[in-house]
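Peer 1: Pasting a structure below so you can have a look.
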Amino acid sequence: VQLVESGGGLVQPGGSLRLSCAASGFTFNIYGMSWYRQAPGNKRELVASIASNGAYTDYADSVKGRFTISRDNAKEMAYLEMISLKPEDTAVYYCKAYHLSSSHWGQGTQVTVSS
């Protein structure tokens with residue numbers, strides 16, 4: 001089982017990034033997918049979730065209207081499109097796959113929003 005995030009980096013305030021999460025080793029299309037983030041000194045927080053078939057999404061209030069979660073079950077990929085980035089979005093971003101009592105985490109990708 002593996003989840004590998006990519007797409008993080010340094011971006012100026014107001015900029016955009018697209019994070020990707022590549023899945024392998026499990027039945028991707030029955031798992032819901034989520035993105036979490038953790039800033040230094042803070043708890044890991046849920047940012048966005050998407051149902052296994054992509055029909056349902058949910059977002060933290062802090063990112064609504066700026067972030068979009070999506071998935072491609074044929075490619076076994078999940079994405080997080082982030083626009084209008086703010087310095088407070090700086091964190092390590094993790095993807096998580098979940099189904100009933102099973103869950104898998106990626107290793108994280110750093111997003112830094114700074115001028």
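Here's the yes/no breakdown for (1) in a helix (DSSP H, G or I); (2) touching a helix residue (DSSP H, G or I) at 6+ places or on another chain (Cβ under 7 Å):
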| site | (1), (2) |
| --- | --- |
| Arg18 | no, no |
| Ala22 | no, no |
| Asn29 | yes, no |
| Met33 | no, no |
| Lys43 | no, no |
| Ala48 | no, no |
| Ser52 | no, yes |
| Gly65 | no, no |
| Ile69 | no, no |
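Peer 1: Sticking with this one: Among what's in segment 83-106 and is of a type outside the set (Phe, Trp, Tyr) and in contact with a Leu (Cβ under 8 Å, 6 or more places away or on another chain), pick the residue that is farthest from Gly25 (Cα to Cα).
Peer 2: Leu85
Peer 1: Can I ask one more? Return a yes/no flag: does segment 68-75 have any residue that is out of contact with any Cys (no Cβ under 6 Å at 6 or more places or on another chain), of a type in the set (Gly, Ala, Ser) and on the phi > 0 side of the Ramachandran plot.
Peer 2: Within segment 68-75, none of the residues are out of contact with any Cys (no Cβ under 6 Å at 6 or more places or on another chain), of a type in the set (Gly, Ala, Ser) and on the phi > 0 side of the Ramachandran plot.
Peer 1: Oh, and also: Of all residues in segment 71-103 being part of a strand (DSSP E or B) and under 20 Å from Pro13 (Cα atoms), which is most open to solvent (accessible area, probe 1.4 Å)?
Peer 2: So the first thing to find is which residues in segment 71-103 are part of a strand (DSSP E or B), and the list is 71-72, 77-82, 91-99, 102-103.
Filter once more, keeping what is under 20 Å from Pro13 (Cα atoms): 80-82, 91-93.
Working: Leu80: 0, Glu81: 73, Met82: 0, Ala91: 3, Val92: 36, Tyr93: 0 Å².
If we take residues in segment 71-103 being part of a strand (DSSP E or B) and under 20 Å from Pro13 (Cα atoms), then Glu81 is most open to solvent (accessible area, probe 1.4 Å).
The values are calculated or read from the model by the stated rules, or taken from the named source; none is laboratory data. These figures come from a predicted structure and were not determined experimentally. Positions of Cβ are generated from backbone atoms using ideal geometry, with glycine treated the same way; all protein chains shown enter the neighbour counts. Accessible surface areas use protein heavy atoms only, side chains included; no ligands, DNA or RNA. Shrake-Rupley method; radii C 1.70, N 1.55, O 1.52, S 1.80 Å.
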